[in-house]
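Report on the following structure.
The values are calculated or read from the model by the stated rules, or taken from the named source; none is laboratory data. Predicted model, so just to flag it, every value in this text is computed and none were measured. Positions of Cβ are generated from backbone atoms using ideal geometry, with glycine treated the same way; all protein chains shown enter the neighbour counts.
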Amino acid sequence: MALLPIARSTRRCAGRALLAAAGLLLATSALAADPVKIGLVAALSGPSAQSGEAITQGLTIAIDEINAAGGVLGRQLQLVRRDDESSPPKGSTAARELIYDEKVAAIFGGLDTPVSVAIVPIVNKEHVPYMGVWAAGTPITRNGANPNFAFRVSAVDALVDEALLKRAQKQYGAKKPGLILINNPWGESNENGLKEASKRLGIPLAGVEKFENADVDVVPQLTRLKNAGADALVLVANAAPGAQMMKSRARMGWNVPVVSHWGISGGRFTELAGPPAGEVVFVQTYSFFGPQNAAGQKVLEALKSKYKLGGPEAVFSPVGVANAYDAMHLVALAIKKAGSTKGDAVQQALQGIDEYKGLIKTYQKPFSAENHDALGSDDYIFVRYEGTRIVPVN
């Protein structure tokens, strides 16, 4: 009989152990079921809000596909957005909130190069992958950091600038284009790139003029370029200031051709500029018009179903949708490859991706330790506005 208390004690200990194991299993399962948070810092209000909404659409469609296939590492993806209002200080604050409070696995960036440039030092310090999907400023990815956590599925100013000058020369026979640039770090990035490209291509520049976001009269700057003999204009600005430049050009009665960077497609350019909006040829990375690959057909159907868009003519910012869609799939692929959401592991995995059949193209080793830009100059196309539609230019 003396053994009974010991047996009861043994059973009690075994029971406690089982309960503890069950609790640990439940806690582990709950942790495994927590979503993997993906951050977005973009303009969700103000004149460039269309850009943030287009990026949101592309990310959301990709996330829906990934989650329907089981998510990553057995967990669902969850998008957490913050509005930067096109302000670098607000963008920096938003990035810190996403890193410290939301514990995001990666941050996606928006339209504005100055905002991205402000965020990059933060993500490099905290070792959180940053994926640019619109801002084209060269220093975003080529920032000198080692290790570098800034990646991009988007255009790069250094490559776009050469394409803009070539387009002005090829389409309009321009021999002496003038530059009309927004006065901020993005404009500065393009000024440097355009000057270098003009030397490489042997295309002299009539001059360089700057204007501010709030300027409503750009006639003085345009007059100086006209007097200097500019036979085409290369425009670098977002939608609202770009529209003011076009209005000033119209007031002058100067029908000089305009070739633009893509910032004008991130907001209400057609509404603000009026009929002259259709006279601008600008760069993009994708068009939903014409024959589509399997991914393009799938994305168009998702846009119709989820966002009630009628077709390619209703996709108001195709570059935002397409770049974000491919970039989200690449980040998810890297997380799976890394087997972790830890920043260092994901950064290394992004650099080690071999192939991804995306919307814009089939990516072959899109990133490396030396190159964090997945798109090159061969991936750019030129388009124009036809009403509110963005249509390709031959």
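So here's what we get for this one:
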| read-out | value |
| --- | --- |
| Test for LYS365: is it touching a residue at least 40 places away in the same chain (Cβ under 8 Å), farther than 19 Å from PHE108 by Cα and loosely packed, with under 14 Cβ neighbours inside 10 Å | no |
| Residue satisfying condition, being buried (at least 23 other Cβ atoms within 10 Å of the Cβ) and not in a helix (DSSP H, G or I), within set LEU179, LEU194 | LEU179 |
| Residues within segment 363-394 that are among the β-branched types (Val, Ile, Thr), touching an Asp or Glu at 6+ places or on another chain (Cβ under 9 Å) and within 25 Å of THR138 (Cβ to Cβ), tallied | 1 |
| Single condition GLN169 does not satisfy, out of (1) under 23 Å from the mean Cα position of the chain (by Cα); (2) over 21 Å from VAL120 (Cα atoms) | (1) |
| Sole exception among (1) of a type outside the set (Ser, Thr, Tyr); (2) buried (at least 20 other Cβ atoms within 10 Å of the Cβ); (3) under 19 Å from ARG152 (Cβ atoms) for VAL72, by number | (3) |
| GLY193 vs. criteria in contact with a Lys or Arg (Cβ under 8 Å, 6 or more places away or on another chain), within 19 Å of VAL236 (Cα to Cα) and in the same structural domain as LEU235 (by TED's automatic domain parsing) | no |
| Qualifying residues in segment 335-363 (those that are in contact with a Ser or Thr (Cβ under 8 Å, 6 or more places away or on another chain) and part of a strand (DSSP E or B)) - the one nearest to ARG75 (Cα to Cα) | TYR356 |
| Any helices (runs of 4 or more DSSP H) falling wholly within segment 218-327 and containing at least 1 residues that are surrounded by fewer than 19 Cβ atoms within 10 Å (Cβ to Cβ), outside the structural domain of ILE63 (by TED's automatic domain parsing) and of a type in the set (D, E, K, R) | 219-227, 239-252, 269-273 |
| Residues satisfying the stated conditions in segment 349-365, i.e. aliphatic (A, V, I, L, M) and within 18 Å of LYS298 (Cα to Cα) | LEU359, ILE360 |
| All positions within segment 333-375 that are under 18 Å from VAL123 (Cβ atoms) and hydrophobic (A, V, I, L, M, F, W, C) | ALA334, ILE335, ALA338, ALA345, VAL346, ALA349, LEU350, PHE367, ALA369, ALA374 |
| Subset of segment 142-171 [crowded, with 21+ Cβ neighbours inside 10 Å and under 23 Å from SER340 (Cβ atoms)] | PHE149, ALA150, PHE151, ARG152, VAL153 |
| One residue from GLY137, GLY178, GLY144 being among the small types (Gly, Ala, Ser) and more than 28 Å from TYR363 (Cβ to Cβ) | GLY178 |
| Residue match in segment 24-35 (condition: at pLDDT 95 or above, touching a Lys or Arg at 6+ places or on another chain (Cβ under 8 Å) and of a type in the set (A, V, I, L, M, F, W, C)) | no |
| Tally, over segment 30-64, of residues that are touching a residue at least 12 places away in the same chain (Cβ under 8 Å), outside any strand (DSSP E or B) and more than 11 Å from SER317 (Cβ to Cβ) | 15 |
| Unmet requirement for PRO318, which otherwise passes all of (1) at pLDDT 95 or above; (2) closer than 21 Å to PHE108 by Cβ; (3) touching a Phe, Trp or Tyr at 6+ places or on another chain (Cβ under 7 Å) | (1) |
| Residue in segment 267-290 that is farther than 22 Å from GLY387 by Cβ and in contact (Cβ under 8 Å) with a residue 12 or more places away in the chain present | no |
| Conditions (1) buried (at least 19 other Cβ atoms within 10 Å of the Cβ); (2) in contact with a helix residue (DSSP H, G or I) (Cβ under 9 Å, 6 or more places away or on another chain): number failed by HIS127 | (1) |
| Set ARG81, ARG96: member being part of a strand (DSSP E or B) and either assigned by TED's automatic domain parsing to the domain that holds LYS336 or within 30 Å of GLY296 (Cβ to Cβ) (or both) | ARG81 |
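Rundown of residues vs (1) assigned by TED's automatic domain parsing to the domain that holds GLY207; (2) modelled with pLDDT under 95; (3) within 13 Å of the chain's Cα centre (by Cα), yes/no style:
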site: ASP112; (1), (2), (3): no, yes, yes
site: ILE119; (1), (2), (3): no, no, no
site: ILE122; (1), (2), (3): no, no, no
site: HIS127; (1), (2), (3): no, no, no
site: GLY137; (1), (2), (3): no, yes, yes
site: ILE140; (1), (2), (3): no, no, yes
site: ASN143; (1), (2), (3): no, no, no
site: ALA150; (1), (2), (3): no, no, yes
site: LEU164; (1), (2), (3): yes, no, no
